[in-house]
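> After the C-alpha cells below, expect a handful of questions from me.
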Amino acid sequence: MDNRIQHLRDQLQKARSALLDEFEQRREQFRYSVSGRKIVFSADIRKSHRAARESLVSFLSRTRFLVVLTAPVIYSLIIPFLILDLFVTIYQAVCFPVYGIPKVRRTDYIAIDRHKLQYLNGLQKLNCVYCGYGNGLISFAREIAGRTEAYWCPIKHARRLEDQHDHYAGFCDFGDAAEYQARVEDQRRALAEKG
C-alpha cells in the first residue's frame, strides 16, 4: 500500500477517534456516567427527564395517520433481522476459527440503552430498542462481512462506492494482479493479528 493511502487511513482513524472523544466529553454536559452496562444520571437530571416525558396519548395525537399505518411495515423487519442475526452469529462461530479471523464482538456494535431515558414514553422506548438493535445488527453483520471479504477477496472494486467497511482501504487495487498475488497472505495474517 502506498504512503499516501496509509496517510489518509491514519487521518481518518484520528478523525474518528476525535469524534468519539467529543461524544465522551458531552457526557459531562448531560451529567451521566457509564459503568459497565449501567447508565447513571444525577438525581436532578432524572427528575427533569421524568418531567419532560410526553404522554403516549399526546404523542399519538401528534402523529400523522399514515405514519401509524406504516408501523407494521417497519416492525415486520424484525423477522429478517432475527434470521440475519442467527445466521451471521452461527457463520462466524463456525467459520472464523477455521480461517483464523478474530470474532466480532456483538457488544461493540449493538447497543440497546436508550429505553432507559426517562423522558421517553413507552412507545418511544420501544422504537429506540428496535432501532438500536436493527442498526447495530447491520453494523455487526457488516463487520463480519468485511472481515470475510478481507480474508477471501481483498481487492478494491472497479467503480467508486459511496461507503466501505474499515478493511476496504487496505485492499489491493483493482487490476493489480502482481500486488494481489504478493500480498494476499500478508493481508490474511494482518487480519488474524488484528483481533
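> Does any residue in the stretch 122-135 that is touching a residue at least 24 places away in the same chain (Cβ under 8 Å) come within less than 8 Å, Cβ to Cβ, of a residue that is assigned to a helix (DSSP H, G or I) and of a type in the set (F, W, Y) six or more places away or on a different chain, and which pairs are these?
Taking only residues 6 or more apart or on different chains, the pairs are L123/F59; Q124/F59; Y130/Y75; Y133/F81; G134/F81.
> Scanning for something within 20 Å of the chain's Cα centre (by Cα) and not hydrophobic (A, V, I, L, M, F, W, C), does the stretch 39-61 turn up at least one residue?
no
> Turning to a different aspect of this structure: State all residues of the stretch 59-72 that are in a helix (DSSP H, G or I) and of a type outside the set (V, I, T); if no residue qualifies, say none.
F59, L60, S61, R62, F65, L66, L69, A71, P72
> Identify, please: which residue in the stretch 50-104 is surrounded by 11 or more Cβ atoms within 10 Å (Cβ to Cβ) and basic (K, R) and is, among those, farthest from A190 (Cα to Cα)?
The selected residue is R53.
> Then there's this: Return yes or no: is G122 surrounded by fewer than 17 Cβ atoms within 10 Å (Cβ to Cβ) and at negative phi?
Yes; evaluated as a whole, the condition is true for this residue.
> Just checking, how many residues over the stretch 7-58 are farther than 22 Å from L123 by Cβ, in contact with a helix residue (DSSP H, G or I) (Cβ under 9 Å, 6 or more places away or on another chain) and part of a helix (DSSP H, G or I)?
Qualifying residue count for the region: 3.
> What are the residues in the stretch 43-73 that are charged (D, E, K, R) and either in contact (Cβ under 8 Å) with a residue 40 or more places away in the chain or touching a His at 6+ places or on another chain (Cβ under 9 Å) (or both), if any?
Answer for the stretch 43-73, where residues must be charged (D, E, K, R) and either in contact (Cβ under 8 Å) with a residue 40 or more places away in the chain or touching a His at 6+ places or on another chain (Cβ under 9 Å) (or both): R46, R50, R53, E54.
> Does the stretch 73-82 contain any residue that is assigned to a helix (DSSP H, G or I) and polar (S, T, N, Q)?
Within the stretch 73-82, one or more residues are assigned to a helix (DSSP H, G or I) and polar (S, T, N, Q).
> Let me ask you something else. With D166, D186, D176 as the choices, which residue is surrounded by 15 or more Cβ atoms within 10 Å (Cβ to Cβ), in the same structural domain as A93 (by TED's automatic domain parsing) and free of Cβ contacts under 8 Å to residues at least 24 places away in the same chain?
So the residue among D166, D186, D176 that is surrounded by 15 or more Cβ atoms within 10 Å (Cβ to Cβ), in the same structural domain as A93 (by TED's automatic domain parsing) and free of Cβ contacts under 8 Å to residues at least 24 places away in the same chain is D166.
The values are calculated or read from the model by the stated rules, or taken from the named source; none is laboratory data. As the structure is a computational prediction, the values presented were derived from the model and not from experiment. When we count neighbours, we look across all protein chains shown, and the Cβ atoms used for this are built from the backbone with ideal geometry, even at glycine.
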